[in-house]
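Structure record follows, encoded as structure tokens.
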Amino acid sequence: MADEREHNAGAAVPRRGWLDERLNLAPLLRRLLEEPIPGGASWIYIFGSVTLFFFVNQALTGMFLALYYAPAPESAYASVRFIQESVALGSFVRGLHHWGASAMMVAIGLHILQTYLYGAYKPPREPMWTIGVVLLFLTLAFGFTGYLLPWDQRAYWATQVGVNMIGTVPVVGETLARVVRGGDVMGALTLSRFFAVHVLFLPAAIVLGIALHLFILRRVGPAGPFDEERARARREPFYPRQVFMDAVAILVVFLAVVGLASSLPSPLADPADPSASSFVPKPEWYFLFFYQLLKYVPGRWESLATVGFPVVVIVFLFALPFLGKRGRRPAQRPVAIGAGLLFLTAVFFLIAESIRQDRLLAAGDQRAERGKAIYQQLGCVGCHRIHGMGGAVGPDLSYVGDARDRDWLIRHFRDPQAVVPGSVMPRINAPDEDLDALTAYLLTLKK
Ligand code: HEC
């Protein structure tokens with residue numbers, strides 16, 4: 001207050017802007033921009049601002065998407081398609097929202113990584129870290145609820161998997177899942193529920209969280225370098241250098257998102273079809289590592305993994321600032337740094353593995369596709385029946401994938417009589433590659 005009065009009385013202040021004369025902004029601006037940064041401005045501190053910027057991007061683009069989006073199973077998909085194809089700049093704005101969500105996740109991840117490496121969560125910054133963890137989970141909840149809204153196959157089946165995971169929580173799981181779905185099956189109530197949470201509940205919560213996070217930041221101040229001496233040696237106000245660095249970082253990432261939004265269409269699969277249960281669900285990349293992790297967990301341990309793993313992570317994150325001693329240097333915190341590196345390595349390994357398996361699957365699909373064509377060309381249909389189509393000289397092959405394996409099939413193709421004495425099936429004289437494709441196709445024929 002003192003500087004405000006000084007300022008008002010100050011004849012020394014030469015000229016004030018029109019707005020400043022009416023609103024007395026100068027002291028406010030000074031307060032905002034003069035926040036001292038221990039150790040000085042640095043590129044390593046940009047991620048919080050970038051995250052905040054992308055939150056604003058999500059809010060603004062989301063408002064425009066909401067002008068056209070219709071949250072009901074009969075209309076949701078068509079309205080998104082309409083945004084994508086007919087609305088002026090619709091596909092661009094949807095692209096900004098789609099890629100912006102990923103950019104926000106990356107930014108928040110790097111922001112947490114920086115805070116973690118620098119031990120900036122340590123006292124007296126426990127409240128700021130705690131609110132930060134809440135903000136992380138709110139952001140993930142935005143991702144989860146937003147993914148369903150286009151109501152396409154990806155959305156429907158990935159959400160189905162997510163809700164089923166919630167259902168594996170001991171005792172209250174089924175109730176929780178029913179609350180999330182708004183009933184026993186996914187439908188109109190699920191969609192309007194996810195929409196309301198995505199555009200009303202979560203925004204309210206996250207705005208409150210961000211305000212608290214920033215308020216605490218201004219009360220306790222930024223942590224600065226983990227080297228206490230360096231932190232004390234130099235102090236630099238937030239403006240101009242840190243503001244400049246933040247602005248450059250924001251501009252670069254925003255231009256990248258603009259580039260993606262204008263060159264790549266945001267994904268939109270076929271409309272959701274609750275009866276097409278063979279659709280292979282795939283979550284957004286930031287849930288991919290968890291999804292991949294579950295593939296390694298044997299069936300009866302599944303609920304332990306779906307519930308246990310998140311609980312461990314959540315408890316660890318909230319407890320972190322209260323563990324260990326005060327030293328912030330990475331060298332003083334071998335356990336925290338080791339655990340962090342291990343976690344990161346595991347996450348990157350799981351994401352890479354998931355992408356690799358996906359590629360293999362796609363390649364396998366292509367081979368099977370080719371095998372189907374070869375099956376037609378070689379006249380197998382003359383003797384074999386598949387789902388009612390074809391001759392009856394040989395056995396029905398509708399479910400041959402359950403009965404035989406790859407080795408058996410290839411041996412049999414090369415020389416049926418050697419495998420089944422007296423067989424009238426002719427040898428297949430085709431290159432190995434074709435036999436391979438044919439086998440891939442037959443192995444897809446399962447119950
Ligand atoms: C002339 C009729 C005939 C033609 C053509 C023919 N098969 Fe056969 N196939 C048979 C007969 C008979 C058997 C049962 C005896 C045996 O297993 O060799 C058989 C068995 C099989 C089996 C083993 C089924 C099982 O689980 O026991 C497979 C797989 C198979 N055929 C695939 C093919 C494919 C692929 C082609 C096309 C390249 C083909 N067949 C062409 C007559 C035929």
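Looking only at residues in region 393-413 that are near the ligand (Cβ under 6 Å from one of its atoms) and β-branched (Val, Ile, Thr), which one is most open to solvent (accessible area, probe 1.4 Å)? If we take residues in region 393-413 being near the ligand (Cβ under 6 Å from one of its atoms) and β-branched (Val, Ile, Thr), then Val393 is most open to solvent (accessible area, probe 1.4 Å). In region 402-415, the residues that are in contact (Cβ under 8 Å) with a residue 40 or more places away in the chain form Cβ pairs under 7 Å with partners that are more than 11 Å from the ligand (Cβ to nearest atom) and assigned to a loop (DSSP other than H, G, I, E, B), at six or more places apart or across chains, as follows: Asp402/Lys446; Asp402/Lys447.
Of the helices (runs of 4 or more DSSP H) that lie entirely inside region 236-325, those containing 1 or more residues that are over 29 Å from Tyr116 (Cβ atoms) and without any contact (Cβ under 8 Å) to a residue 12 or more places away in the chain span 241-263. Filtering Val347, Val297 for residues that are over 30 Å from Val93 (Cβ atoms), at pLDDT 95 or above and not polar (S, T, N, Q) leaves a single hit, Val347.
Tally the residues that are under 12 Å from Trp43 (Cα atoms) and either among the basic types (Lys, Arg) or buried (at least 17 other Cβ atoms within 10 Å of the Cβ) (or both), restricting the search to region 238-252. Result for region 238-252: 6. Number of residues in region 348-377 that are among the aliphatic types (A, V, I, L, M), without any contact (Cβ under 8 Å) to a residue 60 or more places away in the chain and closer than 23 Å to Asp396 by Cβ equals 1. Here Glu369, Glu353, Glu433 are screened, and the one residue that is open to solvent by less than 70 Å² (accessible area, probe 1.4 Å) and either away from the ligand (no atom under 11 Å from the Cβ) or in a helix (DSSP H, G or I) (or both) is Glu353. Kindly indicate the residue of region 414-430 that is among the polar types (S, T, N, Q) and within 9 Å of the ligand (Cβ to nearest atom) and also least open to solvent (accessible area, probe 1.4 Å) among those meeting that condition. For region 414-430, the residue satisfying everything is Ser423.
Mind listing whichever residues of region 211-237 are closer than 14 Å to Ile37 by Cβ, small (Gly, Ala, Ser) and surrounded by fewer than 17 Cβ atoms within 10 Å (Cβ to Cβ)? Residues satisfying the conditions are Gly221, Ala233. Candidates in region 383-392 are the residues that are on the phi > 0 side of the Ramachandran plot and assigned to a loop (DSSP other than H, G, I, E, B); of these, the one that is nearest to the ligand (Cβ to nearest atom) is His387. All conditions but one from (1) without any contact (Cβ under 8 Å) to a residue 24 or more places away in the chain; (2) open to solvent by 30 Å² or more (accessible area, probe 1.4 Å) apply to Ala177; the one that does not is (2).
You will find that of Leu443, Leu438, the residue that is within 11 Å of the ligand (Cβ to nearest atom), among the aliphatic types (A, V, I, L, M) and open to solvent by 20 Å² or more (accessible area, probe 1.4 Å) is Leu443 and no other.
The values are calculated or read from the model by the stated rules, or taken from the named source; none is laboratory data. Please read these numbers as outputs of a predicted model, since none were measured by experiment. All Cβ positions, even for glycine, are placed from backbone atoms using ideal geometry, and neighbour counts span all protein chains on display. Surface accessibility is based on the protein's heavy atoms, side chains included, excluding ligands, DNA and RNA. Shrake-Rupley method; radii C 1.70, N 1.55, O 1.52, S 1.80 Å.
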